[in-house]
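Colleague: Before I ask anything, here is the structure I am working with.
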Amino acid sequence: MTAGSAVALGFSPPAPSPVPPSLAAARTPLLRRILSFPVAIACLLGVVAVFTVHNRLDDPDLWLHLRTGQIIWQTHHIPQSDTFSYTTHHQPTIPHEWLGETSIYTAYQLGGYSGLMLWLCLASSAILMGSYALCSIYSGNAKVSLAGGLLVCFFAIIGFAIRPQMLGYFLLILELIALHLGRTRNARWFFVLPPLFALWVNLHGSFSLGMALASILLFSSFFNFDKRLLTAPSWDRSMRRALALALAISLPALLLNPAGLRLVLYPFRAMGSMTTATSVVSEWQPVSFADPRALGMLAVLAAIALLVVLRRKALLFDEALFLAAAAYLAGSHRRLLFVFGIIAAPILCRLLADTWDNYSPDRDHPAANAALIALALCACRLSFPSPKELSAQVAAKSPVEAVNYIEQNHLSGPMLNDWASGGYLVWAAPDHPDFIDGRGDPFDETGVTRQFGDWATLRTDPRILLDKYNISFCLLARDAPMSLVLPLLPNWKLAYSDDGFMVFERTR
């Protein structure tokens, strides 16, 4: 890219220097680069990540991912039909997260619960550190970018869990870095996209979002206007061709997966077919303004608008399209506030870049940075939970003792469980196929989600479902409405109870 086009994009090219930047970097001692201010800031963000997730081991979907990863690890086969639930009758499934699930089970295989927590800490830290790097590269100001990293953390808290989506969102950050470097430094950065998407499609369905953002950037490259507050700078034809070619190569790269085109189309099919599941699962609900992150999203959008209007800082056309898409997705599904933070943070940092003097390596203080890095590492180690604490986290949210009761008393026959417990049962009680769990698609497609919802909310006579599936026993959360109803039904009795869960048996 020429210097003129770089300025038009809103990024100032580096001032001429008698020493080429590559040689200057090479002459900087490695230790001094390691003990730099940006590295210290990244380590502090790592501490924020660890403090945020250190008590988040138990997630309902974790156990499903763990069990699938175990099957892949042990059988060297990627399952493409449901074997966890007896209600789906081996419904065909799409292994859309198989590689991420394998990484999760690998962590468990190497370190048990501690390995899983380490996976979560590393993934969360990578997202915050990667966001800081993205904001720093995009804005050109390593100090202001700290606010960008914290902003991403604010929105990402909703999704920090041991799920493959963490890896998908990290790749989203890498994609945004590659797109920015491709349009401001060298178009060859665009060719990071094909291998990135070949990996991404096997990790998580968010690859579809990545393709959409790259396509939006290509679309915006055909416009050239300057409306003062909104500008679309011209692109060199060679740069546009490079991005178009990289995207064209990325399309067949998406087919490098176990299910081919079916997996590529899965995110779009799932959003259209999982209507029942998405209507009842809170993270798929439209954003509520009782959620502080919803107000945060409005505040970020308002801040960007005010900076553009009051400080006459032009918003780029592709930035406006990115923000519109991210705000729409987050408004439709609260779990996508995570994505909004990743997209909005670098844009806000660019608009704030001149509000604080930039980092200068010449004025750095390696000793102070080393102290901060050491303190950050110590804080991470001290806040990392012990195996006993991790086991307590699992016991507090999962039916650990209830499953022990079922196993010790050799309960048999079809089981009916609530939605949240299904994942843990898949992992801890594989000999007892579950009724329903957190995977929306196989249950929506077979009508089980609707049937269970009607039963659990007493919209139908509860005996109908119990008799239809010849249920022998039920494992339910103590606060579930059916936990009050089942003891009142004929031929049912309470067999086990603890602080969180209850087991009911049919008497014959």
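What follows draws every value from the coordinates through simple rules; no lab data is involved. Treat the numbers as computed from the prediction; the structure is a model and nothing was measured. Neighbour counts are summed over all protein chains in view; Cβ atoms, including those assigned to glycine, are modelled from backbone coordinates with ideal geometry.
Colleague: How much FRET efficiency would the formula 1/(1 + (r/R0)^6) give for Leu30 and Thr446, where r is the Cβ-Cβ distance and R0 is 60 Å, rounded to 0.05?
Modeller: According to the calculation, E is roughly 0.55.
Colleague: Using modelled backbone amide H atoms (1.01 Å from N, in-plane), which distant-in-sequence or interchain residues come within less than 5 Å of Trp492's amide H?
Modeller: HN-HN under 5 Å from Trp492: Thr507.
Colleague: Between Gln109 and Arg363, what is the label-to-label distance in nm when each label sits 7 Å out along the Cα-to-Cβ direction?
Modeller: Each label point lies 7 Å from its Cα, and together they span 5.1 nm.
Colleague: Normalised by the residues of the range 172-234, what does the relative contact order come to in percent, with Cα pairs under 8 Å and at least six apart?
Modeller: Value for the range 172-234: 21 percent.
Colleague: If you stretched the chain out fully between Leu118 and Arg269, how much longer would it get, using 0.36 nm times the residue separation minus the C-alpha to C-alpha distance?
Modeller: Difference between extended and current length: 51.0 nm.
Colleague: Still on this model: If I take R0 = 25 Å and measure r between the Cβ atoms of Phe223 and Ala299 in this structure, what FRET efficiency does the formula 1/(1 + (r/R0)^6) give, to the nearest 0.05?
Modeller: For R0 = 25 Å, the calculated efficiency reads 0.30.
Colleague: Can you give the local net charge around Arg478? Use residues other than it whose beta-carbon is closer than 14 angstrom to its beta-carbon, Lys and Arg +1, Asp and Glu -1.
Modeller: -4
Colleague: Near the amide H of Phe501, under 5 Å away, which other amide H atoms are found, from residues 5 or more places off or on another chain, if H is placed in the peptide plane?
Modeller: Under 5 Å from the amide H of Phe501 lie the amide H atoms of Arg478, each far enough along the sequence or on another chain.
Colleague: Also, quick follow-up: Simple spin-label model, 7 Å along Cα-to-Cβ: Glu401 to Val309 in nm?
Modeller: That separation, rounded to one decimal, is 5.8 nm.
Colleague: Could I ask something else about it? Give me the one-decimal nm value for the distance between modelled label points at Trp356 and Lys388, 7 Å along each residue's Cα-to-Cβ direction.
Modeller: Label at Trp356, label at Lys388, 4.1 nm between them.
Colleague: Looking only at the range 410-454, which residues have a backbone nitrogen under 18 Å from a spot 7 Å from the Cα of Leu489 in the C-beta direction?
Modeller: Under 18 Å, as judged by backbone N against the label point of Leu489, lie 412-422, 434-437, 448-454 of the range 410-454.
Colleague: For the range 398-506, count all C-alpha to C-alpha pairs, find those more than 23 Å apart, and express that count as a whole percent of the total.
Modeller: Tail of the P(r) past 23 Å holds 19 percent of the pairs.
Colleague: From the phi angles alone, apply the Karplus equation (6.51, -1.76, 1.60; θ = phi - 60°) to the range 81-92 and give each ³J(HN,Hα) in whole Hz, x where the residue is Gly or Pro.
Modeller: Using θ = phi - 60°, the values come out as 8, 7, 10, 8, 10, 7, 7, 8, 6, 6, 4, x Hz.
Colleague: Percent relative contact order of the chain, based on C-alpha pairs within less than 8 angstrom and at least six residues apart?
Modeller: 20
Colleague: Rounded to whole Å, give me the distance from the Cα center of the range 398-476 to that of the range 237-265.
Modeller: About 41 Å separates the Cα centre of the range 398-476 from the one of the range 237-265.
Colleague: Kirkwood Rh over alpha-carbon pairs of the chain, then Stokes-Einstein at 4 °C and 1.567 mPa s: what D in µm² s⁻¹, rounded to an integer?
Modeller: 52
Colleague: Amide H to amide H, which residues 5 or more places from Leu230 or on other chains are under 5 Å from it, using H placed in the peptide plane?
Modeller: The list, which skips near neighbours in sequence, is Leu315.
Colleague: Also, I was wondering about something else. At a 4.7 angstrom Cβ threshold, list every cysteine in the chain that has nobody to pair with, or say none.
Modeller: Here Cys43, Cys121, Cys153, Cys378, Cys380, Cys474 come out as lacking a disulfide-compatible partner, given the Cβ-Cβ threshold of under 4.7 Å.
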